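Undergrad: Let me give you the structure first, and then I'll get to my questions.
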Amino acid sequence: MPKLSSAQTKASLISVPEWKKQAKTITRTYQFKDFPAAIRFVNAVARLAEKAWHHPDIDIRWNKVTLTLTTHDAGGLTEKDFDMAQRFDRL
């Protein structure tokens, strides 16, 4: 999958307004009621990521989960990252 240009990345960010671009990645922090709720979310993320074979970096801090996406093979952001971000936002 080809890496997105700066203009394409900027346009794609509109579809995931809670996500922020950081260098060659997009990232978002989700907040939950408590640790078990955060872990349920992480488990759902893991199932989706495994099906798509596109895995985010996951950082868990009690009731907060930060996801970071990039396409390593492409050396930056691709449509796949934004598709996964939208899927995670629907969980």
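The values are calculated or read from the model by the stated rules, or taken from the named source; none is laboratory data. Source: prediction; values computed, not measured. Here the Cβ positions follow ideal geometry from the backbone for every residue, glycine too, while neighbour counts run over all protein chains shown.
Undergrad: Is the range 46-55 home to any residue that is touching a residue at least 24 places away in the same chain (Cβ under 8 Å) and more than 15 Å from Gln86 (Cβ to Cβ)?
TA: no
Undergrad: Tally up the residues in the range 55-91 that are in contact with a Ser or Thr (Cβ under 7 Å, 6 or more places away or on another chain), surrounded by 15 or more Cβ atoms within 10 Å (Cβ to Cβ) and part of a helix (DSSP H, G or I), please.
TA: 3
Undergrad: For the range 45-54, give me each residue that is surrounded by 14 or more Cβ atoms within 10 Å (Cβ to Cβ) and assigned to a helix (DSSP H, G or I).
TA: Hits for the range 45-54 are Val45, Leu48, Ala49.
Undergrad: Restricting to the range 23-40, what's the tally of residues that are surrounded by fewer than 18 Cβ atoms within 10 Å (Cβ to Cβ) and over 12 Å from the mean Cα position of the chain (by Cα)?
TA: Residues that pass the stated criteria total 11.
Undergrad: Let me ask you something else. For the range 56-89, which positions are of a type in the set (Phe, Trp, Tyr) and without any contact (Cβ under 8 Å) to a residue 40 or more places away in the chain?
TA: Of everything in the range 56-89, just one residue is of a type in the set (Phe, Trp, Tyr) and without any contact (Cβ under 8 Å) to a residue 40 or more places away in the chain, namely Trp62.
Undergrad: Next question. Which ones in the range 1-22 are surrounded by 14 or more Cβ atoms within 10 Å (Cβ to Cβ) and not basic (Lys, Arg)?
TA: Hits for the range 1-22 are Leu4, Gln8, Thr9, Ser12, Leu13, Val16, Trp19.
Undergrad: Being modelled with pLDDT of 95 or more and more than 17 Å from Leu91 (Cα to Cα) is the requirement here; does Ile14 meet it?
TA: yes
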